[in-house]
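Engineer: What follows is a single structure, and I will ask about it in a moment.
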Amino acid sequence: MTATSSAVSFVQPQTLDNDKAMRLKRLMDDFKALDTHALLEKVIAEEFSGKIAVSSSFGAEAAVLLKLVSEVDKATPILFIDTGHLFEETRQYKDVLAEALGLTNILTLQPEKIHLENADKDATLYERDTDYCCHIRKVLPFEKALGPYEAWISGRKRFQNSERAALESIELDVDGRFKINPLYNWDYDTVIAQFKEMNLPRHSLVDKGYPSIGCGPCTRAVKEGEDQRAGRWAGQEKTECGIHKSPAYEAIYI
Ligand code: SF4
């Protein structure tokens, strides 16, 4: 809960808008000593006031971030992508958390009919091409919804898998939008401890062996010793849905 950002030295990017690169450096410098709650207050109520949203899958760990956001502003826009293939338990959990935390601005995003008609009429595209399925069912609706915002908040954490091990508290996406990862350096024990301390309701699939929960056809329960996201697209090289793009800058962390 009181984890702080690590020290950072910044390498001037070659390809990025210079103003945004400098703003990123300032944010990293100004906010690096803040704890998670203070960082959320700064970005929601000051730096990006009215121009920031939260992305939430209403998955296994979502409640902690949503609780912290609700303590700053319950009307913060929460972008929830309903791909059409979600577990029904996830939709129910969204309603439970909205009620429990008093969230007043959950925006449910859905794939566009034209994309489904053109590429996934029988809703089995995930069997043939998971990247394209995620593209039309997650990435495109999400990119469209992000249009009005300068920044968005993600619940990603370093411990979740090896590809997230170098995650930092603030990034700049390739599309020039700031991405805030307030839980980036939380470990699993901290998440669990906060769940208990905050007395948060849990997603009903967690007790059935799902520590990470995406769409029904692409999520299985994990086995003992597997990493948290091993049940996502199991048996494929795919590890992310595509809404998390590479940062647009080069940085060296010391
Ligand atoms: S997770 Fe699976 S079902 Fe969901 S959008 Fe991606 S490929 Fe399709």
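Bear in mind these aren't lab numbers, they're just calculated from the coordinates by the rules spelled out. Treat the numbers as computed from the prediction; the structure is a model and nothing was measured. Cβ atoms come from the backbone with ideal geometry, glycine included; neighbour counts cover every protein chain shown.
Engineer: Find the relative contact order for region 8-253 and round it to a whole percent, using C-alpha pairs within less than 8 Å whose residues are 6+ positions apart.
Structural biologist: It rounds to 25 percent for region 8-253.
Engineer: Based on Cβ point charges of +1 for Lys and Arg and -1 for Asp and Glu, what charge dipole magnitude is obtained for region 8-253 about its Cα centre, in debye rounded to the nearest 20?
Structural biologist: 80
Engineer: Then there is this: Quick one: what Rg and Dmax do you get for region 8-253 from the alpha carbons, in Å?
Structural biologist: 17.7, 50
Engineer: In the Gaussian network model of the chain, springs joining C-alpha atoms below 10 Å, which of A166, A38, A63 carries the largest mean-square fluctuation?
Structural biologist: With Cα springs under 10 Å in the chain, the top fluctuation among A166, A38, A63 is at A166.
Engineer: Starting from a Cα-only point model with no solvent, please compute log10 I(q)/I(0) by Debye for region 43-180 at q = 0.09, 0.13, 0.15, 0.17 1/Å.
Structural biologist: So the normalised log intensities work out to -0.29, -0.62, -0.82, -1.04.
Engineer: Also, quick follow-up: Given 20 °C and 1.002 mPa s, how large is the Stokes-Einstein diffusion coefficient of region 134-228 in µm²/s, with Rh as the Kirkwood radius over Cα pairs?
Structural biologist: 138
Engineer: A follow-up question, please. Amide H neighbours of V54 under 5 Å, at least 5 residues apart or on other chains, H built in the peptide plane: list them.
Structural biologist: Under 5 Å from the amide H of V54: I78, L79, I153.
Engineer: At 222 nm, what helix-only mean residue ellipticity would the chain give, in deg cm²/dmol to the nearest 500, using -39500 (n - 2.57) for each DSSP H run of four or more?
Structural biologist: The helix contribution divided over the chain gives -8500 deg cm²/dmol.
Engineer: Report, to the nearest 10°, how far helix 88-101 tilts away from the longest principal axis of the Cα atoms in the chain, using its own Cα long axis and a range of 0 to 90°.
Structural biologist: 40
Engineer: Taking the 0 to 90 degree range and rounding to the nearest ten, how far is the long axis of helix 188-198 tilted relative to the main principal axis of the chain, both from C-alpha atoms?
Structural biologist: Orientation of helix 188-198: about 90 degrees from the principal axis.
Engineer: Stokes-Einstein D for region 92-137 at 25 °C, 0.890 mPa s, Kirkwood Rh over Cα pairs, in µm²/s?
Structural biologist: Rounded to a whole number, D works out at 195 µm²/s.
Engineer: Within the set of other residues whose C-beta is less than 15 Å from the C-beta of V222, count the net charge using Lys and Arg as +1 and Asp and Glu as -1.
Structural biologist: Taking every Cβ under 15 Å from that of V222, the sum is 0.
Engineer: Rounding to the nearest 10 and keeping the result within 0 to 90°, find how far the Cα-based axis of helix 18-31 lies from the longest principal axis of the chain.
Structural biologist: The helix 18-31 is inclined about 80 degrees to the chain.
Engineer: So which of K74/K157; K32/K223; K25/K74 end up more than 31 Å apart by C-alpha?
Structural biologist: K32/K223
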